[in-house]
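Let me begin by presenting the structure, written as structure tokens, before commenting on it.
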């Protein structure tokens with residue numbers, strides 16, 4: 001008897017799991033996020049909004065040199081002094097206000113204890129973070145996954161671009177759509193192994209997106225995900241592919257997909273910014289996050 005074909009959700013889950021295996025075989029485990037402490041991870045998650053990680057590194061180096069990279073010391077700084085220190089990260093006045101909003105909640109409501117701020121069930125902590133001015137879904141989920149050990153899959157522009165090109169999501173998929181897709185398809189491992197799996201999976205997507213799956217002139221022929229491209233047509237013109245969950249409703253996939261909601265810079269400027277990024281010794285910088293509109 002012929003074995004029945006897997007259902008669309010199962011086929012897509014298989015594809016996503018295979019994608020991780022192929023990326024991991026190429027790059028190894030990336031030991032990500034680049035931050036010495038959970039608090040530094042949270043600061044970096046805010047500073048990386050709309051900028052290259054190399055700029056964030058310079059800003060954090062300034063904070064360390066000034067010996068103020070603790071919640072209370074940072075909060076005690078006048079906003080103009082904080083802005084001067086984080087100037088290399090760009091949008092320094094905006095980010096100084098966002099950092100201070102985060103620090104105000106952390107210091108005044110939780111006594112400067114990050115473990116207390118991030119304590120509780122994941123949904124409650126996420127809403128707590130999203131209520132802070134300047135923290136959107138990607139920033140909140142980065143804090144949850146990498147600083148708070150909460151199993152929450154981080155979605156960014158690299159994820160969206162790779163998934164669209166491989167036909168794993170619709171072109172108009174929202175952040176929540178993509179997150180639900182990843183968390184449902186990639187939950188085969190038990191905790192805490194799943195936490196490390198999702199942390200490294202996101203890192204693998206970032207380095208693959210930076211190195212191969214570029215907005216323009218993608219290097220598909222060299223990409224570890226090449227065998228998973230629809231119809232095996234690397235470097236093809238924008239094409240129509242069939243999504244695994246909607247085989248009768250093809251969607252046009254463009255090699256320069258729309259940016260995530262809240263993005264305030266053009267795709268052209270974002271591409272220029274990312275082209276300047278370099279991958280430091282196998283550890284990819286976080287994807288620049290769009291400014292939160294609040």
Quiz prompt | Unmet requirement for residue 51, which otherwise passes all of (1) in contact (Cβ under 8 Å) with a residue 60 or more places away in the chain; (2) not in a loop (DSSP other than H, G, I, E, B) | solution = (2)
Quiz prompt | Residues of segment 159-182 satisfying the condition of being outside any helix (DSSP H, G or I) and buried (at least 23 other Cβ atoms within 10 Å of the Cβ) | solution = 167, 168, 169
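Among the candidates 35, 44, which residue alone is in a loop (DSSP other than H, G, I, E, B), in contact (Cβ under 8 Å) with a residue 24 or more places away in the chain and either out of contact with any strand residue (DSSP E or B) (no Cβ under 6 Å at 6 or more places or on another chain) or buried (at least 17 other Cβ atoms within 10 Å of the Cβ) (or both)? Steps first, answer last, please.
Values: 44 fails: in a loop (DSSP other than H, G, I, E, B).
Going through 35, 44 in turn, the sole match is 35.
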Practice problem: Would you check if there is a residue in segment 49-60 being buried (at least 18 other Cβ atoms within 10 Å of the Cβ) and touching a strand residue (DSSP E or B) at 6+ places or on another chain (Cβ under 6 Å)? | Solution: yes
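Does residue 61 fit the bill of being over 30 Å from residue 151 (Cβ atoms), in a helix (DSSP H, G or I) and without any contact (Cβ under 8 Å) to a residue 24 or more places away in the chain? Full working, then the answer.
Values: over 30 Å from residue 151 (Cβ atoms): yes; in a helix (DSSP H, G or I): yes; without any contact (Cβ under 8 Å) to a residue 24 or more places away in the chain: yes.
Judged against the criteria, residue 61 is a match.
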Practice problem: State whether one or more residues within segment 112-132 are out of contact with any helix residue (DSSP H, G or I) (no Cβ under 8 Å at 6 or more places or on another chain), in a loop (DSSP other than H, G, I, E, B) and closer than 30 Å to residue 19 by Cβ. | Solution: yes
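FYI, it's all coordinate maths here, none of it is from the lab. These figures come from a predicted structure and were not determined experimentally. FYI the Cβ positions are ideal-geometry reconstructions off the backbone, even for glycines, and counts take in every protein chain you see.
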